[in-house]
Amino acid sequence: MRSSNPVFSRRGFSRDNGYAGFNATQQPQAGNPYAGGPQTANPYATNPYAQTQGAPPAAPPQAGRMTMDDVVARTAMTVGLVVATATVAWITDLSLGLALGAMLIAFVLGMVQAFKRKASPPLILAYAAFEGLFLGAISNYVDSYIANGAAMQAVLGTMAVFAAVLFMYKARIIRVTRRFYRFVMAAAIGFILLMGINLLFAVFGGGDGLGFRSGGLGIMFGIIGIVLGAAFLALDFKQVEDGIAYGAPREESWLAAFGLTLTLVWIYLEFLRLIAILQSSD
């Protein structure tokens, strides 16, 4: 099974075991399928979600393997760059035309990275920079003309969702199982299809299409989008945890950072849209 994030599903974090996960490091024990070291076949090599609960078996650390510090540092760099360029776009009052161009460039860069066999830090950072320009411009527009204070509320909402999901994942309140994965993927596919149909009706029929992004339906689908984003975060956390436990190479931390950034951008945009709908209907 693969993660919902295209950067994770492209390669996966199920390499030979070599680094400990979130739990304390322990020596391989008898009966541990990883006790034979890197030469031992990994029973979960094609399915990082094969375990239905708990963290994967830990293994002794090795040099060149991904660690939690690596993931945190890379994620801080990518998200920090998004925030920095968004601030520039806000301060300079970047036009919506240029913002649309930045969004298209970010989309292309993101797709290129998603289909690359290896992580490309310059490509990932370039994606973050252009994504930030788009977010800053669209946030400035919404905050200035539609819903005053919406950007800050969306930032706080995104931070709250991230903290809540991380807490529930660490406390094992959220358990990423095969059933959880299938449910989230089915819901995400249905959500994206409906939004695509709504966009087509809006383009060819004018107005807001089928009304999925305004009024009561818009509020409902905005909440669904945020919940799906939270579920994606749980899948991302599981993938990172498995990557560390299975001894993924250190450069995979860039893919982890890229995937987490994609999910956080999703959640932020859904919050921004939802807040705009709520305030415009007052």
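The values are calculated or read from the model by the stated rules, or taken from the named source; none is laboratory data. Worth saying up front: this structure is predicted, and the values here are computed from it rather than measured. Here Cβ is always computed from backbone atoms with ideal geometry, including for glycine, and neighbour counts include all displayed protein chains. Heads up: the accessible areas ignore ligands, DNA and RNA and are worked out on the full protein's heavy atoms, side chains in. Shrake-Rupley method; radii C 1.70, N 1.55, O 1.52, S 1.80 Å.
Out of the residues in the range 146-194 meeting the condition of being in contact with a helix residue (DSSP H, G or I) (Cβ under 9 Å, 6 or more places away or on another chain) and among the hydroxyl-bearing types (Ser, Thr, Tyr), tell me which one is surrounded by the most Cβ atoms within 10 Å (Cβ to Cβ).
THR158
Scan the range 146-153 and tell me whether some residue there is free of Cβ contacts under 8 Å to residues at least 40 places away in the same chain and not aromatic (Phe, Trp, Tyr).
yes
Taking the stated definitions as given, is ARG213 open to solvent by 20 Å² or more (accessible area, probe 1.4 Å), of a type in the set (D, E, K, R), in a helix (DSSP H, G or I) and touching a helix residue (DSSP H, G or I) at 6+ places or on another chain (Cβ under 8 Å)?
no
Taking the range 93-110 as the search range and keeping residues that are within 28 Å of ARG250 (Cβ to Cβ) and without any contact (Cβ under 8 Å) to a residue 12 or more places away in the chain, which one is most open to solvent (accessible area, probe 1.4 Å)?
Selected residue: PHE107.
Got a sec? Which of ALA230, ALA202 is in a helix (DSSP H, G or I) and either of a type in the set (Phe, Trp, Tyr) or without any contact (Cβ under 8 Å) to a residue 12 or more places away in the chain (or both)?
ALA202
Inspect the range 137-145 for any residue being at pLDDT 90 or above and either in contact with a Ser or Thr (Cβ under 6 Å, 6 or more places away or on another chain) or surrounded by fewer than 16 Cβ atoms within 10 Å (Cβ to Cβ) (or both) and give the result as yes or no.
yes
Results for (1) out of contact with any Gly (no Cβ under 7 Å at 6 or more places or on another chain); (2) of a type in the set (Gly, Ala, Ser); (3) closer than 20 Å to ALA256 by Cβ, shown as yes or no for each residue.
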| residue | (1), (2), (3) |
| --- | --- |
| SER139 | yes, yes, no |
| TYR145 | yes, no, no |
| LYS170 | yes, no, yes |
| PHE180 | yes, no, yes |
| ILE197 | yes, no, no |
| GLY229 | yes, yes, yes |
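List pairs: first residue in the range 244-258 and open to solvent by 10 Å² or more (accessible area, probe 1.4 Å), second residue outside any helix (DSSP H, G or I) and of a type in the set (Gly, Ala, Ser) anywhere in the structure, Cβ distance under 8 angstrom, at least six positions apart or on different chains.
Going by the 8 Å Cβ cut-off, the qualifying pairs are PRO249/GLY64; ARG250/GLY64; GLU251/ALA119; TRP254/ALA119; TRP254/SER120.
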